[in-house]
Structures are given as C-alpha cells and as structure tokens.
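Here is the structure we will look at, set down as structure tokens.
The values are calculated or read from the model by the stated rules, or taken from the named source; none is laboratory data. Here the structure is a predicted model, which is why all the values come from computation and not from measurement. In this analysis, Cβ positions are derived from the backbone assuming ideal geometry, glycine residues included, and neighbour counts consider all displayed protein chains. Remember, those area values only see protein heavy atoms, side chains included, never the ligands or the DNA or RNA. Shrake-Rupley method; radii C 1.70, N 1.55, O 1.52, S 1.80 Å.
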Amino acid sequence: MKKINILILLLIPIVGFSQNDYLSEYQKAESLLQTNEIDSAFVKFNELEKSLPKNDTLYEYALWYKVGTATHLQEINRFQENFGKSLEYAKEALDGIEKGIEIFDEEFAKRKYFMIKNIIVSHYGLGNFEEGKKWKKKMYEARENDMLPEGIDEFFNYDFFKFEDKNIWGYEWYAELPKDRFSSSFTKVVYYIYSTNPDGSDKDQLYRLHVLMFHGNNENFDYVMDKRLETATEDVSGTLYAYTYKEDIDFEKLKNDVKEVLKGNLEPDTKRTTTKDKDGKVKVDIKMKNKKH
C-alpha cells in the first residue's frame, strides 16, 4: 500500500499570496500539517479551496494540499475498514483531482482513476454492491478509451477486508470471457489472502482464490472458484465446485463465499495437499474427491 509523504508536500514554496485573511488560514492549515494533525489540516485546506477565487495564487496550493491530505486520510480509513469515512475522503480527493487536472501535470491527472478504484473498495466494504458496480463501469469505460495509467490498466483492486488475523484483497481483471472456452485459461477475479505483521500490514501471501473460467459449456455457471496455495503448507487446495458464478458475477454472493472458504468450508472436487519434508522440499499430492452416487 503506497502512503502519502506529508513532508514532501511541505516543500512547495509559498509565493505571491494576495489576501492576508486567506494567507492566515493557509498558515494555520500548514501548521496543522507540521504537527501531523492531518484531519484538521484537511478541513482547513478544503474550506480554503472552496472559498478562494480560482484566480488567486493561493488557490492552487490549497487545492494541492486538499488532495494530498484527503488521499492520505482515505487510505488510512480504508485500511482500518472505516469505509464510510474513507468514501467521504476519497470523494473529496476525486473532486480536487478533477479540478486540478487542467492546473497540474500529467502525473497528477493519473490520480483520478486510482481514486475511483479507492471509491469502489469503500463501496464494497460498506456492502453497496450496486453503487460499486456503477463506479466499476467508469473503470471499464476508461480502459476502452485507453485512459488508464499503468498499474490499473489490466486489473484493479476493488475489495478489501480483514478476517481474523488476515488481510483479504480482491482484484478484478477487465478481460471478458472468450467465445472458445478451451482457448486459454482465464481468471476474472482473484482474492489474495495474507497473514499480517503486528501493525496489521501484509506479511506473507498464504493462498489465492481464483474465480476461474469453467472449461466447458454449462448453462448453470461460467466461473468456478479455485484455491491455490502460496506459502500456506499443509492446507487443502483445489477446485471448489460448491462456489460457482454466472458471467455477470454476483459480487455480494462471491464475497460471502470467500468468507465461507476462510472459515474452512471447502468442498473441492480435486484435492491438492502441499507439504514440506524435513529438507524443505515441497510435495504436492493430487487426489480426486470420492463422489456419492
């Protein structure tokens, strides 16, 4: 997870300010930044951005800091699962980014779709699946028009939550189902399951849950969940036919299914068990599940 370096923001020189009252409020906001009171600084910069005339020299600085502080606050709240707050800050940041696109450079403009991605994560965190779908549409339209920056041009993070001592990250790929189901292996969604450090940050990737294209024709489903181990040994992996999805994935159901798998509710038709011997060598045993007739 990338973090805003507030101290870098403070290096921008202040020159040519016009009105003493606005300058006084700006200096108060800057002072709040220096004491790491980011939430209070955001309030000040946000008020300044909304009240300053656009032709005032101070406006650009207020706008820049509004975006920086809002971005920082939405990230902190999103990672802490305070999704209502993270959504509020993300929308303020997006508002500032859209206003700043014509003022600042191309690097600044790239922030737009990263912030839209963050808004999607907050909606999914709040359980606003239909609203999240509307924002996802903006990502797909931007990709179609070749407007996405590197890093989110092939896939994007759309979901995040914590489960016990694990961090769970959901990513979606833009590619659509191929007409020929046997032409390639195709994954639409991956949930990455991480162990955590004492501060709650990601430690090791334990395993992945792929929403994988079903290689065949079945009118009941198009995708099936597949569990793939990473560093989690002595665990079960395989294709989980208890969890299947149509082409228009029900993401609420998918999230609930992921939580069931996290609880250990597995029904794989193929069972892959990975173990390590005393020399550290990995052994993978694959067995077909016995079916009842």
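Of the residues making up the range 57-80, just one is within 24 Å of the chain's Cα centre (by Cα), over 30 Å from D165 (Cβ atoms) and open to solvent by 20 Å² or more (accessible area, probe 1.4 Å), namely W64. Summed over the range 169-201, the residues that are more than 17 Å from I249 (Cβ to Cβ) and either open to solvent by 60 Å² or more (accessible area, probe 1.4 Å) or touching a Lys or Arg at 6+ places or on another chain (Cβ under 9 Å) (or both) give a count of 14. Taken together, the residues in the range 215-240 that are assigned to a strand (DSSP E or B) and modelled with pLDDT of 85 or more amount to 9.
Taking the range 43-61 as the range and being touching a residue at least 40 places away in the same chain (Cβ under 8 Å) and hydrophobic (A, V, I, L, M, F, W, C) as the test, only L58 passes. With respect to the conditions (1) among the charged types (D, E, K, R); (2) open to solvent by 90 Å² or more (accessible area, probe 1.4 Å); (3) modelled with pLDDT of 85 or more, K278 falls short on a single one, namely (3).
Of the residues examined, Y89 is not one that is more than 17 Å from E49 (Cα to Cα), open to solvent by 20 Å² or more (accessible area, probe 1.4 Å) and at pLDDT 95 or above.
In summary, L209 fulfils each of the numbered conditions (1) closer than 22 Å to N167 by Cβ; (2) surrounded by 20 or more Cβ atoms within 10 Å (Cβ to Cβ); (3) modelled with pLDDT under 90 with the single exception of condition (3).
Among the residues making up the range 24-56, those that are loosely packed, with under 14 Cβ neighbours inside 10 Å and either assigned to a loop (DSSP other than H, G, I, E, B) or not charged (D, E, K, R) (or both) are S24, Q27, S31, Q34, T35, N36, S51, P53, K54, N55. With respect to the stated conditions, D153 fails to be more than 19 Å from K188 (Cα to Cα) and either part of a helix (DSSP H, G or I) or more than 11 Å from the chain's Cα centre (by Cα) (or both). Within the range 117-168, no residue satisfies the criterion of being open to solvent by 70 Å² or more (accessible area, probe 1.4 Å), touching an Asp or Glu at 6+ places or on another chain (Cβ under 7 Å) and in contact (Cβ under 8 Å) with a residue 60 or more places away in the chain.
Checked against the criterion of being modelled with pLDDT under 95, in a helix (DSSP H, G or I) and either closer than 30 Å to K50 by Cα or in contact with a Phe, Trp or Tyr (Cβ under 7 Å, 6 or more places away or on another chain) (or both), the candidates E75, E107, E102 yield just one match: E107.
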